[in-house]
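The values are calculated or read from the model by the stated rules, or taken from the named source; none is laboratory data. These figures come from a predicted structure and were not determined experimentally. Backbone-built Cβ (ideal geometry, glycine too); neighbour counts: all protein chains shown. Keep in mind that these areas ignore ligands, DNA and RNA; they rest on the heavy atoms of the full protein, side chains included. Shrake-Rupley method; radii C 1.70, N 1.55, O 1.52, S 1.80 Å.
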Amino acid sequence: MGPAAVLGLFDSADALLHAIPKVREGKLGRLETYTPYPIHGLDEALQLRRSPLAGMVVVMAFLGAIVALAMQGWMSAVDYPVITGGKAPFSWQAFVPIMFELMVLFATFTAGLGMLFLLNRLPFFGHPVLSSRAIRGITRDRFALSVEAEGGSLDPEAATALLSAAGAKDIEVLSLPARAEILDSAFILRALGGIVVACVVAGGLMFAAIKLFPVLPPMSHMQEQAKLNPYKPSTFFKDGHGMQYPVPGTVARGYLPMGPRTPEEANGLVNPLPRTRENLERGREAYTNRCAVCHGPLGDGVPTLTAAYNAKPANFVSEEFRKAPDGRYYWAIVMGKNAMPSQAADMPEEDRWAAIHYVRVLQRAQNAKDSDLEETKP
Ligand code: HEC
């Protein structure tokens, strides 16, 4: 292997800066400097091109955004179109967060990996200057200028002459160290060992953070406070139970007890809901959800579940129930009757009355008179 670089040392940054143009004229190879600290004007003197990294990052960032747009567009408009929130399947506005994230992801990976592998030439650690005698000087008080082979070979004599003419001392001819095989078994073992150790350490820390941290004060104060657990005994109440019934007579918000005390009294109740289209729609929903299983979708007492019940649900279309007052329905909803359980516990007041309105609709629909067809004047 031929010489890879010729390196000369200078005593001061000034000497180095002055030498660069002279050596560059020889056009023998790529110029590189090694200095103990950053020196102003070096970039210009070396005529370094701007790093292509910024451009690469911009391109990849756009690519990331486009990939995210295409991916989400395909998923939500082509492969599995589901209308969400009334949006059109391809709504780019909804894709923006993921587009942003993929943009950042692509950009950071390009910046990091591009710098390390493309521009810094990892995983090659064999730069010739690392094996030079001068390496110690240039990390302390010496300034080095090297002419490095660019692709082809380097003429060491010409480079040496040029460097010494420019005032360099201690000129060294460096050859490229043999490229070490990096994927040997020792390296793989070391890498795997490192990964295992990292996993164990990270796992241990995670375990400590999740298991130990919450039980250390003050995190533990929530658990240790005086409190009642459901189904646990308690010495606080006389009966020794932790869970208690509500105080007798407790009334839930929106569930006022019924005024009438007897079915006869209830018969006097009048439906307080106006018979509007809105209330009838509400009644249809309430009836369908709560009553239709037993009384049938038409209210004729022929239900979907007749066989399962050893009882005959009332037939609302019958003469008796067409004539029955609203209060009788209301009483049945609140009190239940024999096989019919009370519906009051989770049926809001207005749903009850709306359901009764709807029962009236069902009755009229199945006993229509000719006059019902006439246009009704408001
Ligand atoms: C679990 C089934 C079931 C559900 C749900 C149910 N009922 Fe009933 N209902 C019955 C049965 C059974 C009867 C007959 C009771 C009897 O006379 O022994 C009945 C009777 C009635 C009566 C007649 C009561 C009387 O005075 O004779 C009315 C009115 C009534 N139900 C209204 C309703 C309304 C309104 C709903 C919906 C909010 C409803 N029911 C939900 C099973 C049910």
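Values for this structure:
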| item | result |
| --- | --- |
| Count - residues of region 165-180 that are in contact with a strand residue (DSSP E or B) (Cβ under 6 Å, 6 or more places away or on another chain) and either closer than 17 Å to Ala19 by Cβ or open to solvent by 30 Å² or more (accessible area, probe 1.4 Å) (or both) | 8 |
| Tabulated pairs, region 268-296, first assigned to a loop (DSSP other than H, G, I, E, B), second within 12 Å of the ligand (Cβ to nearest atom) and of a type in the set (S, T, N, Q), C-beta under 9 angstrom, 6+ apart or interchain | Cys291/Gln343; Gly296/Thr304; Gly296/Thr306; Gly296/Asn315 |
| Failed item in (1) part of a helix (DSSP H, G or I); (2) open to solvent by 50 Å² or more (accessible area, probe 1.4 Å); (3) closer than 29 Å to Pro52 by Cα, with Arg121 passing the rest | (1) |
| Residue under evaluation Leu212, criteria (1) surrounded by 10 or more Cβ atoms within 10 Å (Cβ to Cβ); (2) part of a loop (DSSP other than H, G, I, E, B), criterion not met | (2) |
| Which numbered condition Ile98 misses (of (1) over 27 Å from Ala4 (Cβ atoms); (2) part of a loop (DSSP other than H, G, I, E, B)) | (2) |
| Residue tally, condition surrounded by fewer than 18 Cβ atoms within 10 Å (Cβ to Cβ) and either under 48 Å from the mean Cα position of the chain (by Cα) or within 8 Å of the ligand (Cβ to nearest atom) (or both), over region 340-366 | 9 |
| Of the criteria (1) exposed (fewer than 11 other Cβ atoms within 10 Å of the Cβ); (2) under 22 Å from Ala368 (Cα atoms), which one Ala314 fails | (1) |
| Looking only at region 62-92, and only at residues there that are at pLDDT 95 or above and more than 20 Å from the chain's Cα centre (by Cα), the one that is most open to solvent (accessible area, probe 1.4 Å) | Phe62 |
| Any pair with Cβ under 6 angstrom, 6 or more apart, that starts in region 158-187 at a residue that is closer than 19 Å to Val129 by Cα and part of a helix (DSSP H, G or I) and ends at one that is small (Gly, Ala, Ser) and modelled with pLDDT of 90 or more | Leu163/Gly8 |
| Residue tally, condition of a type in the set (A, V, I, L, M, F, W, C) and open to solvent by 60 Å² or more (accessible area, probe 1.4 Å), over region 326-339 | 1 |
| Residue list for region 273-311, filter: open to solvent by less than 30 Å² (accessible area, probe 1.4 Å) and either within 9 Å of the ligand (Cβ to nearest atom) or modelled with pLDDT of 90 or more (or both) | Leu273, Asn279, Gly283, Ala286, Tyr287, Cys291, Ala292, His295, Gly299, Gly301, Pro303 |
| Every residue from region 15-61 that is open to solvent by 70 Å² or more (accessible area, probe 1.4 Å) and within 22 Å of Pro156 (Cα to Cα) | His18, Lys22, Arg24, Glu25, Lys27, Arg30 |
| Residue match in region 224-246 (condition: among the small types (Gly, Ala, Ser), out of contact with any strand residue (DSSP E or B) (no Cβ under 9 Å at 6 or more places or on another chain) and surrounded by 10 or more Cβ atoms within 10 Å (Cβ to Cβ)) | no |
| Test for Arg261: is it surrounded by 10 or more Cβ atoms within 10 Å (Cβ to Cβ) and out of contact with any Cys (no Cβ under 9 Å at 6 or more places or on another chain) | no |
